[in-house]
Amino acid sequence: MPLTNFAGVAAVITGGASGIGLATARALHTKGAYVVLADINTPGLLQAKEQIRQHSPEAHGQLLAITTDVTKESQVWELMRQTSATCGRIDLVVTCAGIGRGGPIDTFTASDMQTMMNINFMGTYHCVQAALPAMRQQQVGHFVFLSSVAGKLGVPSLSAYCASKWAVRGFASALRAELHGTGIGITTVYPGWVDTPMVHQEENALQMANTQVLLTPEQVASEILQAVTGDQRDLTLAPDPDTAFLLEVYKNDPDKAEMMAGTSYHKRLARLSGQQAAQRPQQ
């Protein structure tokens, strides 16, 4: 059963201190939801809480901020326990906590890969495990998982990020089938590149991937709320025409899409290498 009205809904948002998480929390609070912000960044979390309060001072929904490391199972269970104790239920969980890190696979360490998987995928898994008992008891609830267009396409120089976001995609698909008929829904979000702090930290990798930042967190948040009310399974946001085209090719011919992405990537590598060589001072 979809959530058609957010007034009084108890919503947990991980990664709530910035980016899509903050924008989604702000939108939900404006609509009267009880919002529980979770993030590992305590100062940023408290600042976000104040921003939300100032953005809609007339909103009646409760607003909590709970420092949470989504890679720590015990902390996520405590987050959901506090939400249930305060709000009496858990209606919506939006898993926005995530990191992005790019570079050639040769330079990507096992530790880097494990960190990426722990946050982007295991953080989502922990939220499901901890919130599901309350949702099963209620016989209603909704999860929103943040994947990425990189969870549908193989993006050169973002192999680890792709792996973590494809994991979220596969997890959502299997879980959706498992929860069929329970009243618990799942929306998986596949946005293109969004103007967030994470993306700006990886500008070099984005340049190598030939991607453009065309979405704002507020646009994504608005689309998420509409998708939840419509019980939408797949929310793909790819305003970049090149990405949209590649997604379409991938649906019909994955091998062709991979070859196109690889050819484009190596052409950019050669071009950038030539530019760097031209800029070097002559000996």
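Overview of results
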read-out	value
Any hit, segment 66-81, residues being at pLDDT below 95, at negative phi, part of a loop (DSSP other than H, G, I, E, B) and open to solvent by 10 Å² or more (accessible area, probe 1.4 Å)	no
Residues within segment 132-145 that are of a type outside the set (G, A, S) and open to solvent by 10 Å² or more (accessible area, probe 1.4 Å), tallied	7
Subset tally (residues that are touching a Lys or Arg at 6+ places or on another chain (Cβ under 7 Å) and of a type in the set (A, V, I, L, M)) for segment 138-194	3
Subset of segment 49-65 that is open to solvent by less than 20 Å² (accessible area, probe 1.4 Å) and among the aliphatic types (A, V, I, L, M) - its residue that is farthest from the chain's Cα centre (by Cα)	L63
Selection status of P239, open to solvent by less than 100 Å² (accessible area, probe 1.4 Å), modelled with pLDDT under 90 and under 21 Å from the mean Cα position of the chain (by Cα)	yes
Extreme residue, most open to solvent (accessible area, probe 1.4 Å), among residues of segment 82-110 that are within 16 Å of L28 (Cβ to Cβ) and outside any helix (DSSP H, G or I)	R89
One residue from E223, E178, E203 being among the acidic types (D, E), at pLDDT 95 or above and more than 23 Å from A10 (Cα to Cα)	E178
Answer from I90, I119, I99 - the residue that is of a type in the set (A, V, I, L, M), under 20 Å from the mean Cα position of the chain (by Cα) and modelled with pLDDT under 95	I99
Which numbered condition H29 misses (of (1) open to solvent by less than 20 Å² (accessible area, probe 1.4 Å); (2) assigned to a helix (DSSP H, G or I); (3) closer than 27 Å to M122 by Cβ)	(3)
Residue in segment 167-175 that is farther than 20 Å from A97 by Cα and in a helix (DSSP H, G or I) present	yes
Cross-chain or 6+ apart pairs with Cβ under 6 Å, segment 90-119 first and among the hydroxyl-bearing types (S, T, Y), then in a helix (DSSP H, G or I)	T95/T124; T95/C127
Residues within segment 151-166 that are in a helix (DSSP H, G or I) and over 17 Å from F108 (Cα atoms), tallied	2
Counted residues, segment 176-185 - those being open to solvent by 30 Å² or more (accessible area, probe 1.4 Å) and part of a loop (DSSP other than H, G, I, E, B)	3
Hits in segment 12-26 - residues which are β-branched (V, I, T) and assigned to a helix (DSSP H, G or I)	I20, T24
Residues of segment 146-170 satisfying the condition of being touching a Ser or Thr at 6+ places or on another chain (Cβ under 9 Å) and open to solvent by 40 Å² or more (accessible area, probe 1.4 Å)	W166, R169
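The values are calculated or read from the model by the stated rules, or taken from the named source; none is laboratory data. Owing to the predicted nature of the structure, the values given are computational and were not obtained by experimental measurement. Glycine gets a Cβ as well: all are built from the backbone with ideal geometry, and neighbour counts include every protein chain shown. Heavy atoms of the whole protein, side chains included, go into the accessibility calculation; ligands, DNA and RNA do not. Shrake-Rupley method; radii C 1.70, N 1.55, O 1.52, S 1.80 Å.
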